[in-house]
Amino acid sequence: MPFQQSEQLYQEAQEVILGGVNSPSRSYKAVGGGAPVFMKKAKGAYFWDVDGNQYIDYLAAYGPIITGHAHPHITKAIQAAAEDGVLYGTPTIHENTFAVMLREAIPSMERIRFVNSGTEAVMTTIRVARAYTGRNKIIKFAGCYHGHSDLVLVAAGSGPSTLGNPDSAGVPESIAKEVITVPFNDIDSFQQALEHWGHQVAGILVEPIVGNFGIVQPEPQFLEKVNELAHAAGALVIYDEVITAFRFMYGGAQNLLGVEPDLTALGKIIGGGLPIGAYGGKRQIMEQVAPLGPAYQAGTMAGNPASIRSGIACLEVLQEKGIYDRLDMLGAMLERGIMKAADEDNIPVVINRLKGALTVYFDVTEVKNYKDAESSNSEMFAYFFKAMLKQKINLAPSKYEALFLTIAHTEEDIRKTISAVEHAFSEWPFA
Ligand code: PMP
């Protein structure tokens, strides 16, 4: 039995860890259930599980592992950090170095703070925007995930622009009512929302390239218009670049697209695999934050030397020439292979791809917003996920996630993956 140990460990886990997983996205609930594979070791583009199976990994830990697992340069930095003591509670030279590196890459982040997760980073940008504008409401785009703080666990109601409903038990209605949700790529709905609530809006929270209902790019001029309308209404624009920063180029999606927000939240890749988040923005806005200003944010672990040194090492690797072209080349190869296999077997596939990140949707004609992604076929995705897993290709267990390539993936890995896709499609069980 190829997954025996994983199944045993999952049984044991459920007796002590709530639901058997420490983050719900790790469960296989969205793909028909079953024991998630327990991984034991990761190196480069590969995983080994507790049963001894070897996989090609496209999860990349939900985005951070762009260099491949256990990259020697990052491992060395983490080892050095461990030897020098992992937590000081004082400033260190590494924080200065890293903040300068980030600002050079993303110049709109004139002043920066390090925190411990993407959730914290986004949560704090909202507080800063509220402090700066003296307003309470936030506009976000339907289907975009911004971490698990109360304010962003809010779903769209029906209609083009709506006050939110809590998307999670435990989020008070009073908080959800401060959030307005509009469809992504729909500038008319956005404009309507501002016409209605504009004078109360502190900030617009945007994934400039969506990563959380698959990879969805903004329509031409969408982000420019968002900026223009938001600023005319006196609201700030906040980019959640937790997934996008350093994913598509050395810098943020804001650099790639040429549109600047007032505040930016970072996470994932910038920790090289260790826990981290960062936020920053225009100096006079950031000066709202303590100790300079009245908005409070703090952290025992914030800027810890292990995460910071790991992050510096990761960015050093990403500065190497040709990295993003290579990710693009591998991504294009994978996209072509999957589309060719789909065409041959008449499987209804749409792929959204940017460089080394792509999403495979089934049974839709295009995906430009959350509604499109939602309407893609979940059963077909679940079959695809399981068929790939059986062939030792590890994808994220949700139709809303992306496949992430790393610089450790080889053309041979992509060829093997395409063969697995061909096999999965050749046994397609749907009419
Ligand atoms: N923002 C975005 C765009 C994300 O994708 C995520 C995590 N998937 C977060 C925020 C939250 O980050 P974290 O899980 O590090 O708290």
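The values are calculated or read from the model by the stated rules, or taken from the named source; none is laboratory data. The structure presented is a predicted model; accordingly, all values stated were derived computationally and were not measured. Using ideal geometry, Cβ is built from the backbone for each residue, glycine included, and neighbour counts are taken over all protein chains shown.
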### Task
Considering only residues that are farther than 21 Å from residue 62 by Cβ and without any contact (Cβ under 8 Å) to a residue 40 or more places away in the chain, look in the stretch 2-41 and name the one that is surrounded by the most Cβ atoms within 10 Å (Cβ to Cβ).
7
### Query
What do you reckon, is residue 273 in contact (Cβ under 8 Å) with a residue 60 or more places away in the chain and on the phi > 0 side of the Ramachandran plot?
yes
### Task
Inspect all residues belonging to the stretch 269-278 and state whether any of them is of a type outside the set (Lys, Arg) and away from the ligand (no atom under 14 Å from the Cβ).
no
### Task
Out of 414, 407, report the one residue that is in contact (Cβ under 8 Å) with a residue 12 or more places away in the chain and part of a helix (DSSP H, G or I).
414
### Query
For the stretch 227-247, how many residues are surrounded by 24 or more Cβ atoms within 10 Å (Cβ to Cβ) and either among the polar types (S, T, N, Q) or touching a Phe, Trp or Tyr at 6+ places or on another chain (Cβ under 7 Å) (or both)?
2
### Task
Check residue 375 against each of (1) of a type in the set (Gly, Ala, Ser); (2) within 27 Å of residue 141 (Cα to Cα); (3) touching a helix residue (DSSP H, G or I) at 6+ places or on another chain (Cβ under 9 Å); (4) surrounded by fewer than 23 Cβ atoms within 10 Å (Cβ to Cβ) and name the one condition it does not meet.
(3)
#### Entry: Sole residue being closer than 16 Å to residue 141 by Cα, within 16 Å of the ligand (Cβ to nearest atom) and among the aromatic types (Phe, Trp, Tyr), chosen from 246, 222, 213, 190
213
### Task
Taking residue 16 as meeting all but one of (1) in a loop (DSSP other than H, G, I, E, B); (2) assigned by TED's automatic domain parsing to the domain that holds residue 281, write down the number of the exception.
(2)
### Residue selected from the stretch 114-147 under the condition within 14 Å of the ligand (Cβ to nearest atom) and hydroxyl-bearing (Ser, Thr, Tyr), by the criterion nearest to residue 238 (Cα to Cα)
125
### Message
I'd like to know if the stretch 35-46 contains one or more residues that are away from the ligand (no atom under 16 Å from the Cβ) and over 22 Å from residue 417 (Cα atoms).
### Response
yes
